[in-house]
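Chemist: Let me begin by handing over the structure; questions about it come next.
The values are calculated or read from the model by the stated rules, or taken from the named source; none is laboratory data. Please read these numbers as outputs of a predicted model, since none were measured by experiment. Here Cβ is always computed from backbone atoms with ideal geometry, including for glycine, and neighbour counts include all displayed protein chains. Each accessible area value is taken on the protein alone, full model and side chains, heavy atoms only, with ligands, DNA and RNA left out. Shrake-Rupley method; radii C 1.70, N 1.55, O 1.52, S 1.80 Å.
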Amino acid sequence: MTERTLAIIKPDAVKRNLIGAIAARIESAGLAPIAMKMTRLSKAQAEGFYHVHKGKGFFDSLVAFMISGPVVLMILEGEDAIKKWREVMGATDPARAAPGTIRKNFALDIEKNSVHGSDAPETAAFETGYFFNALEICHPES
Ligand code: IDP
Ligand code: MG
C-alpha cells in the first residue's frame, strides 16, 4: 500500500553535514520526498510535535536538542513507507540498531539519533499535517 510518513533530519545530523548522505539513503530505498523544508523549530513547535512523550524523563532534554539547530522536514511517499523508513533509520538506540542503518552509522547516542520517522498511520497523518499543508506537497507523477 502506498503510504506517507514524516521524516526529520535532526540537528545533530544537519550540523555534521549529513543531509545529503541521509537523503541518498532515502532515495535508494525507493522512498520519494514529496515535500521538504529546512527550519529551526521553536520550543512550542517541538513540544507539540513530541506531545506523546510529555512527562517522560527524556522530554525536556529531547525538546532542547530538537531546537538546538536547524532540522530538515520531509514527507516521504512509497510502498509501505512508514515501516520501510523505520527500517532504513534503525532502532532508536544506535547501540541496538542493525548494521547499515542510518542510526547505526550516524547517530551519536539514543537522543541525538540523527533522524525521526512516524511509527504508525495515525501518527504519520498527525505529523505530516503538523508541518505541511496541502499546497506544500508536490506530486512528481503528472
Ligand atoms: P523513535 O524516534 O525511534 O520513534 P521514540 O521512543 O518515539 O523513538 O522517542 C522519540 C525520540 O526521543 C527519540 O528518537 C530520541 O531522540 C529520544 N529518546 C527516546 N528515548 C530516549 C531515552 O531513553 N533517552 C534520551 N532520549 C530518548
Ligand atoms: Mg517515535
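Chemist: Answer yes or no as to whether ILE8 is part of a helix (DSSP H, G or I), among the β-branched types (Val, Ile, Thr) and within 19 Å of ASN105 (Cα to Cα). Talk me through it step by step, then tell me what you get.
Modeler: Numbers: part of a helix (DSSP H, G or I): no; among the β-branched types (Val, Ile, Thr): yes; within 19 Å of ASN105 (Cα to Cα): yes.
Here the answer is no, as ILE8 does not meet what is asked.
Chemist: Which members of the stretch 24-53 meet the condition of being within 15 Å of LYS84 (Cβ to Cβ), among the hydrophobic types (A, V, I, L, M, F, W, C) and in a helix (DSSP H, G or I)? Can you show your working first?
Modeler: First, the residues of the stretch 24-53 that are within 15 Å of LYS84 (Cβ to Cβ): 25-34.
Now drop any that are not among the hydrophobic types (A, V, I, L, M, F, W, C), which leaves 26, 29, 31-32, 34.
Residue satisfying the conditions is ILE26 alone.
Yes/no matrix, rows are residues, columns are (1) among the hydroxyl-bearing types (Ser, Thr, Tyr); (2) on the phi > 0 side of the Ramachandran plot; (3) buried (at least 18 other Cβ atoms within 10 Å of the Cβ); (4) within 12 Å of the chain's Cα centre (by Cα):
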| position | (1), (2), (3), (4) |
| --- | --- |
| THR2 | yes, no, no, no |
| ASP12 | no, no, yes, no |
| GLY20 | no, no, no, no |
| ARG25 | no, no, yes, no |
| GLY30 | no, yes, no, no |
| ILE34 | no, no, yes, no |
| LEU41 | no, no, yes, no |
| PHE49 | no, no, yes, yes |
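Chemist: Residues ALA120, ALA81, ALA98, ALA91: which one is open to solvent by less than 10 Å² (accessible area, probe 1.4 Å) and more than 18 Å from ALA46 (Cβ to Cβ)? It would help to see each step written out before you state the result.
Modeler: Numbers: ALA120 fails: open to solvent by less than 10 Å² (accessible area, probe 1.4 Å); ALA98 fails: open to solvent by less than 10 Å² (accessible area, probe 1.4 Å); ALA91 fails: open to solvent by less than 10 Å² (accessible area, probe 1.4 Å).
Going through ALA120, ALA81, ALA98, ALA91 in turn, just one is open to solvent by less than 10 Å² (accessible area, probe 1.4 Å) and more than 18 Å from ALA46 (Cβ to Cβ): ALA81.
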